[in-house]
Amino acid sequence: MAKAAKKAKPKPLAESMPRERCRLYLVTPPAFDPLAWRDTLASALDAGDVASVQLRLKEAEDDTLKRAIDALRPVVQSRDVAFLVNDRPDLAVALGCDGAHVGQTDMPAAQARKLLGDLIMGVTCHDSRDLAMSAGEDGADYVAFGAFFPTDTKETVHHAEPELLAWWSELMELPCVAIGGITAANCAPLVQAGANFLAVVGAVWNHPEGPAAGVQAMNAAIDAATGA
């Protein structure tokens, strides 16, 4: 996942550069054994294009997070994929990760930016244009909108529409991530609206033919949505 502009600046009206292909942003399952899961992660990353992996273990103790980071980070980074940690910019910096993702109830984005330095920072913005603009001003490298569809991963409080992605991608330079219940069957409107990344959990890890097949199916759906 490439670094981006630090502010949500409006695009020049005359800008005509083609938009880069939408890419996968994998989020880890809510619970797993990191050592036993390394091969599963590796097979998924080897199956097709993936921009980043976010380690998301809510409520985990620091020692658990550190063990997970130590086990998974080399698997991800050795494949030139960005490894991000949810909620914990401090651990991201201390343990050699590529960045962190913070939510609206986690560490304030401006504080996280100071901790992370030049590392990647993503910010959850739900269905709010104002939150996304503020995140850009606080130095976010990407903003995340959602949920776009029902999901079992977390309680769905905010519901976003594809029009939000279209508005953002047409006006702003800062990349946006779509999240929430996204599958190969329903992602086309999000890709076509302008999502730069699709954050996926169950569509890959719970795929009936295995995670590698899940990555392949998501990439095929992205290509189909863009006419590639």
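In table form, for the structure just shown:
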item: Subset tally (residues that are among the aliphatic types (A, V, I, L, M), within 23 Å of Ala47 (Cα to Cα) and not in a helix (DSSP H, G or I)) for the stretch 63-107; result: 4
item: Selection from the stretch 161-179 of residues that are surrounded by fewer than 16 Cβ atoms within 10 Å (Cβ to Cβ) and touching a Pro at 6+ places or on another chain (Cβ under 6 Å); result: Leu171
item: Matching helices (runs of 4 or more DSSP H) fully within the stretch 149-228 where at least 2 residues are in contact (Cβ under 8 Å) with a residue 40 or more places away in the chain, out of contact with any strand residue (DSSP E or B) (no Cβ under 6 Å at 6 or more places or on another chain) and within 14 Å of Leu24 (Cα to Cα); result: 202-205, 211-226
item: Leading residue by the ranking (farthest from Trp205 (Cα to Cα)) among those in the stretch 18-61 that are hydroxyl-bearing (Ser, Thr, Tyr) and part of a strand (DSSP E or B); result: Ser52
item: Any hit, the stretch 61-72, residues being surrounded by 14 or more Cβ atoms within 10 Å (Cβ to Cβ), of a type in the set (S, T, N, Q) and out of contact with any helix residue (DSSP H, G or I) (no Cβ under 7 Å at 6 or more places or on another chain); result: no
item: Any hit, the stretch 198-210, residues being touching a Pro at 6+ places or on another chain (Cβ under 6 Å), farther than 21 Å from Gln104 by Cα, of a type outside the set (Phe, Trp, Tyr) and buried (at least 22 other Cβ atoms within 10 Å of the Cβ); result: yes
item: Candidates Asp63, Asp98 - the one that is over 26 Å from Asp152 (Cα atoms), acidic (Asp, Glu) and in contact (Cβ under 8 Å) with a residue 60 or more places away in the chain; result: Asp98
item: Hey, Gln111 of a type outside the set (A, V, I, L, M) and touching a strand residue (DSSP E or B) at 6+ places or on another chain (Cβ under 7 Å) or not; result: no
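Taken together, the values in this text are just the output of simple stated rules run on the coordinates, not laboratory data. Just so it is clear, the model here is predicted, and its values are computed rather than measured. We place every Cβ from the backbone using ideal geometry, glycine too, and count neighbours over all the protein chains shown.
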